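Just below is one structure, and these are the notes that go with it.
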Amino acid sequence: MKKFYLSFLIIFFIIFTSCKDEDESGTDTGKITFYNISSYKVVVHQDYFSGPVLLEMPAGGSPRQVDVRVSDNHSGGSTFSIEYLYRLNEAEYGFNYDSSEIIASGIDPDVQINVVVDAGKSYNVQIPQPKELEFKSAFIQITNISDLPVELKYYGTIYKQTGNNAVPVAPGKTGVYKLSGIPDSGMLYQNLTVATSFEGAVIPEFTAQNGWIYYFTYNGVNAVNSGKQSLVFK
């Protein structure tokens with residue numbers, strides 16, 4: 001009888017604790033409905049621009065409601081940072097590719113939205129049109145003027161083109177590759193290789209900065225640095 005009573009108490013304690021946890025967790029969040037009134041697809045980050053992704057929204061799409069944790073700092077509130085996805089004009093940047101679009105990630109430093117989130121309450125947040133964009137990615141473009149398809153490689157890794165996700169760059173075409181995770185001080189790229197099925201050439205090393213496109217041309221023998229161009233927000 002004692003064993004039965006002890007087992008009953010243990011089971012009751014487990015059930016009570018789990019129910020308590022569920023009730024308490026439900027009171028640790030509020031609801032925010034986001035309205036994207038900008039003309040860009042956006043990514044909403046929790047806290048900083050490099051923070052976890054809370055949600056993605058198309059331009060002019062339907063509002064999205066999400067549960068968010070209550071504000072730890074009620075004097076400053078919770079911060080939501082907006083990343084705008086900006087389509088590059090292929091004619092302006094000299095692209096000659098088969099994909100539908102090339103997208104650069106950018107932020108407006110003034111668009112960080114602060115909301116004091118209280119438990120169980122609901123809020124509406126509008127995501128505005130950016131007034132300026134600081135780009136947080138760079139691109140490398142390979143123009144293939146050889147007679148064979150080429151691939152961009154880094155030792156055993158083969159890069160896929162941004163936009164169309166293709167691997168080979170056909171003769172007479174260009175491959176565009178997005179470079180992400182670049183610190184503000186820049187990043188040195190070495191030992192990138194343009195390769196065909198039979199041979200390859202090392203791309204001259206370069207230091208990439210966010211907001212730039214780096215151009216290279218492969219002629220079947222060498223990969224030649226053919227300049228760079230900064231991205232412009234219009």
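The values are calculated or read from the model by the stated rules, or taken from the named source; none is laboratory data. No experiment lies behind these values; they were computed from the predicted model shown. Methodologically, a virtual Cβ is constructed for each residue, glycine included, from the backbone with ideal geometry; neighbour enumeration extends over all protein chains shown.
In the range 168-226, what residues are of a type in the set (S, T, Y) and outside any strand (DSSP E or B)?
Applying the first criterion (of a type in the set (S, T, Y)) to the range 168-226 yields 174, 177, 180, 185, 189, 193, 196-197, 207, 214-215, 217-218, 226.
Correct list: S180, S185, T196, S197.
Can you give me the number of residues within the range 146-178 that are in contact with a Gly (Cβ under 7 Å, 6 or more places away or on another chain) and exposed (fewer than 14 other Cβ atoms within 10 Å of the Cβ)? First the steps, then the outcome.
Quick first cut of the range 146-178, residues in contact with a Gly (Cβ under 7 Å, 6 or more places away or on another chain) only: 146-147, 152, 161, 169, 176.
If we keep only those that are exposed (fewer than 14 other Cβ atoms within 10 Å of the Cβ) too, we end up with 147.
Number of matching residues: 1.
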query = How many residues does the range 38-57 contain that are in a loop (DSSP other than H, G, I, E, B), surrounded by 12 or more Cβ atoms within 10 Å (Cβ to Cβ) and more than 13 Å from the chain's Cα centre (by Cα)?
reply = 3
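Just checking, does the range 82-100 include any residue being in a strand (DSSP E or B) and touching a His at 6+ places or on another chain (Cβ under 7 Å)? Walk me through it before giving the result.
Of the range 82-100, the ones in a strand (DSSP E or B) are 82-88.
From what's left, touching a His at 6+ places or on another chain (Cβ under 7 Å): 83.
Checked the range 82-100: at least one residue is in a strand (DSSP E or B) and touching a His at 6+ places or on another chain (Cβ under 7 Å).
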query = Does the range 1-24 include one or more residues that are over 42 Å from the mean Cα position of the chain (by Cα), at pLDDT below 85 and in a loop (DSSP other than H, G, I, E, B)?
reply = yes
request  = Could you tell me which residue of the range 70-80 is surrounded by the fewest Cβ atoms within 10 Å (Cβ to Cβ), considering only residues that are closer than 18 Å to N124 by Cβ and either in contact with a Ser or Thr (Cβ under 8 Å, 6 or more places away or on another chain) or at pLDDT below 90 (or both)?
outcome  = G77
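Pick from Y84, Y93: which is within 23 Å of L179 (Cα to Cα), modelled with pLDDT of 80 or more and not acidic (D, E)? Working first, answer last.
Working: Y93 fails: modelled with pLDDT of 80 or more.
Sole residue among the options that is within 23 Å of L179 (Cα to Cα), modelled with pLDDT of 80 or more and not acidic (D, E): Y84.
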